[in-house]
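Visitor: Following this message is one structure expressed as structure tokens.
The values are calculated or read from the model by the stated rules, or taken from the named source; none is laboratory data. Quick caveat: nothing in here was measured; it's all calculated off a predicted structure. Here the Cβ positions follow ideal geometry from the backbone for every residue, glycine too, while neighbour counts run over all protein chains shown.
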Amino acid sequence: MNPVTLVDLRASFEEELRAAIAAGNVQPVRDRYLGRKDGVVTRLLKDVASAPQEERRERGAAANDFKKYVEEHVAEAAEVVREAAQRALSQRERVDVTLPGRLPALGHRHPLTLVRDRMEAIFTRMGFAIVEGPEVEDEWHCFDALNMPAEHPARDMQDTLYLASPMPGEAWTPAGPRPDDERRADLRTMLRTHTSSIQIRYMQAHKPPIRIVAPGRVYRRDDLDLTHTPMFSQMEGLVVGEAVSLTDLKGTLLAFARDMFGAKSRLRFRPSFFPYTEPSAEVDISCWACDGAGCQMCKRSGWLEILGCGMVHPAVFEAVGYDPERYTGFAWGIGIERVAILRYQVDDIRLFFENDLRFLEQFPY
């Protein structure tokens, strides 16, 4: 091949290479010129072998120079294409630091925690102290001291979750001493059925005046359904002092109801019976969905049951060493789930325990 032909090939190669760089792919040019079987350079080198003896050296040197030229320029072009592709990718993935950041998804408190915190805040503003106690209790604190005799239905195995009792002769004492400090190895232990046992423990350790609320989990042998669960939360309140009256109880509960459910809330007290209070009452709150006019939520009655309450029974004061002639008091118990159901208009208590995010994400922080 004469020098003119190589000049033409070089010009053609350079033109094709520029087009390949613009297209972002130099592989077709590499294959066309450096292909092992039918590449332009391969054919040049084959032509050298068939050339006259006196021309082989010159034509071979020219062919090798052209091969080296093609290889260098193809490599340079491939690097240019790679860098251009990298710049384009970086531009597409570039972070615009002037844009506002995306807040990460954060969890929030459970609706039952929201309700409990709000209830605690309301009673704390009224001057109540928040107290807690053990979830595993003995019979005396959970039943005897609360004027619930041995034959009371609530103490039956079908209502109370009893734990293994101590074996006779073992050195064992109940969770807390009785007022006479008697140690009874025959007392059974159980998961507490109400947080009233906390009130007994607190009265054993403190003298009047007393103003406390006792929130916590309680356990009963209930089947899981729309309105019942074997584990739920209560908040029980206790006020003890001189000349404490039923009027004080009504005023306290009315203040709570209006803070929790709205300023227009009204309460209705119905006579009832609890062993540890006398007199006792069930309390209904006016339905805020219809303001007492009657709707589907309140079953057309205008009222919703919310809690039980009453004046502390003198036998309870005697059990903890208080003088029932000097002191009076009132107590109430309210289910935290019950308040959440009424406040958020939830129709199935099981939703609070199933951890379904579609349900939990509906509540405010």
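Visitor: Can you name the residue in the stretch 124-149 that is part of a helix (DSSP H, G or I) and out of contact with any Ser or Thr (no Cβ under 6 Å at 6 or more places or on another chain) and, of all such residues, is nearest to T160 (Cα to Cα)?
Guide: For the stretch 124-149, the residue satisfying everything is E139.
Visitor: For the stretch 281-300, check the following and say yes or no: at least one residue is touching a residue at least 40 places away in the same chain (Cβ under 8 Å), of a type in the set (S, T, N, Q) and buried (at least 17 other Cβ atoms within 10 Å of the Cβ). Don't jump to the end; show me each part of the working.
Guide: As a first pass, look at the stretch 281-300 and keep what is touching a residue at least 40 places away in the same chain (Cβ under 8 Å): 283, 285, 289, 297.
Next cut, of a type in the set (S, T, N, Q) only: none.
Among the residues of the stretch 281-300, not one is touching a residue at least 40 places away in the same chain (Cβ under 8 Å), of a type in the set (S, T, N, Q) and buried (at least 17 other Cβ atoms within 10 Å of the Cβ), which makes the answer no.
Visitor: Output the qualifying pairs, or none if there are none: Cβ atoms under 6 angstrom, residues six or more apart or on different chains, first residue in the stretch 110-138 and closer than 16 Å to A257 by Cα and in contact (Cβ under 8 Å) with a residue 12 or more places away in the chain, second residue of a type in the set (D, E) and in a helix (DSSP H, G or I).
Guide: The qualifying pairs are I122/D259.
Visitor: Please verify whether the stretch 220-241 includes one or more residues that are farther than 16 Å from I285 by Cβ, more than 32 Å from the chain's Cα centre (by Cα) and assigned to a helix (DSSP H, G or I).
Guide: Among the residues of the stretch 220-241, not one is farther than 16 Å from I285 by Cβ, more than 32 Å from the chain's Cα centre (by Cα) and assigned to a helix (DSSP H, G or I), which makes the answer no.
For (1) closer than 30 Å to L9 by Cα; (2) of a type in the set (D, E, K, R); (3) part of a loop (DSSP other than H, G, I, E, B); (4) at pLDDT 90 or above, each residue gets a yes or a no:
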site	(1), (2), (3), (4)
Y69	yes, no, no, no
A77	yes, no, no, no
V81	yes, no, no, no
Q86	no, no, no, no
V95	no, no, yes, no
R102	no, yes, yes, no
H108	no, no, yes, no
L114	no, no, no, yes
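Visitor: Those residues that are out of contact with any Phe, Trp or Tyr (no Cβ under 6 Å at 6 or more places or on another chain) and β-branched (V, I, T), I need them from the stretch 1-40; list them, please.
Guide: Selection gives V4, T5, V7, I21, V26, V29.
Visitor: If you don't mind, another one. Among the helices (runs of 4 or more DSSP H) confined wholly to the stretch 253-365, which include 2 or more residues that are within 30 Å of N147 (Cβ to Cβ) and assigned by TED's automatic domain parsing to the domain that holds P209?
Guide: Numbers: elements: 314-320, 336-344, 357-360.
Here the list reads 314-320, 336-344.
Visitor: Residue check, S265 against (1) surrounded by 15 or more Cβ atoms within 10 Å (Cβ to Cβ); (2) closer than 21 Å to P208 by Cβ, all met but one. Which one?
Guide: Unmet for S265, out of (1) surrounded by 15 or more Cβ atoms within 10 Å (Cβ to Cβ); (2) closer than 21 Å to P208 by Cβ: (2).
Visitor: Would you confirm whether any residue within the stretch 282-298 is over 35 Å from the mean Cα position of the chain (by Cα) and polar (S, T, N, Q)?
Guide: no
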